[in-house]
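The block underneath contains the structure these notes are about, expressed in structure tokens.
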Amino acid sequence: MPNPENINLKRYDDGTPSIMRKATVYTELHFYRKSDVLVQLTKTFCERFLPKYGDRTVDQMVQAARSIKQNIAEGFTDGQTSFEVEIKLLGIAKGSNQELLEDYQDYLKQHGLNDWAKAGNDKGSNEHLRQRFNNLLKFCRTHNDLADYEHFFARWTDEEMANTAISICHMVDKAMSSFLEKRDREFVEEGGVRERMTAARLDMRGTQKQIIAQQEQEITALKARIASLERELAVLRAGLAGKDGEPR
């Protein structure tokens, strides 16, 4: 059971604790930005190389690509209140990414095209393909945004587009796996929204106790000051009474 005292709570300007988790700026994450590339790349790939009618693969691939991006966005948005929902939706995004990866790999097999990743990992394979794969990896690792890719979409061959998508899918999967592991550890340590609610209430109680204790100290100090002033006043009155012969 997570210790509420170990949960790092956000605070409003007046110091009140919040059960909301700190928002993740998911648009800055590399795997989200790469997922946007996958959506547009897949749409163009399907338009150029797959039948416009009668092939369910088109809808499946486009929906899988969209599911990656949309579930990442929804997961991080809903994740401000729920660790569980965030982890679940990121898991769905990861599954959609795997589905899209297999669709592209199947396309290469069905059309007798080269899978550069296999060539890149096989020392006995075609050196030219190995070099193309290594160059592709370098490019995909250092480029995360649609603007870096879209000017190639109209001139890449189906083999080039498919292998680019496969490389991006592998990178998205690796990045999401690492991120989910991190989130899993945070969930075990901090718990979900119920634990955050408990931590916030305990924090408020602790704050209220501190305020009450401080007020009690201030009251005690004021009482002591009043008593001191009353003694000083009594001395002054006694002095005046001695001079005039009668109390005032």
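The values are calculated or read from the model by the stated rules, or taken from the named source; none is laboratory data. Here the structure is a predicted model, which means the values were calculated and not measured. Neighbour counts are summed over all protein chains in view; Cβ atoms, including those assigned to glycine, are modelled from backbone coordinates with ideal geometry. Note: accessible area is taken over every heavy atom of the protein model, side chains too, but ligands, DNA and RNA are not part of it. Shrake-Rupley method; radii C 1.70, N 1.55, O 1.52, S 1.80 Å.
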Query raised in the report: Sequence-distant or interchain residues sharing an amide H contact under 5 Å with Thr81, placed H: which?
Result: Arg21
Report summary line: Rounded to a whole %, the carbon-and-sulfur portion of the accessible area of segment 63-179 at a 1.4 Å probe is 47
Query raised in the report: How long, wide and thick is segment 67-114, going by the Cα atoms along their three principal axes, in whole angstroms, largest first?
Result: 48, 13, 11
Report task. May I ask you to derive the FRET efficiency for Lys118 and Ser82 from their Cβ-Cβ distance with R0 = 41 Å, giving the value to the nearest 0.05? Result -> 0.55
**Report entry** Probe 1.4 Å, protein heavy atoms only - accessible area per residue of segment 64-163 in square angstrom
**Finding:** 51
Report task. Using a 10 Å cut-off on Cβ atoms, rank the peptides 223-229, 33-39, 77-83, 87-93 from the highest mean neighbour count down. Result -> 33-39, 87-93, 77-83, 223-229
Report task. Evaluate the distance, in nm, between pseudo-label points positioned 7 Å from the Cα of Ala234 and of Leu180 along their respective Cα→Cβ axes. Result -> 7.8
**Report entry** Theoretical FRET efficiency, 1/(1+(r/R0)^6), r = Cβ-Cβ of Glu47 and Val188, R0 41 Å, to 0.05
**Finding:** 0.40
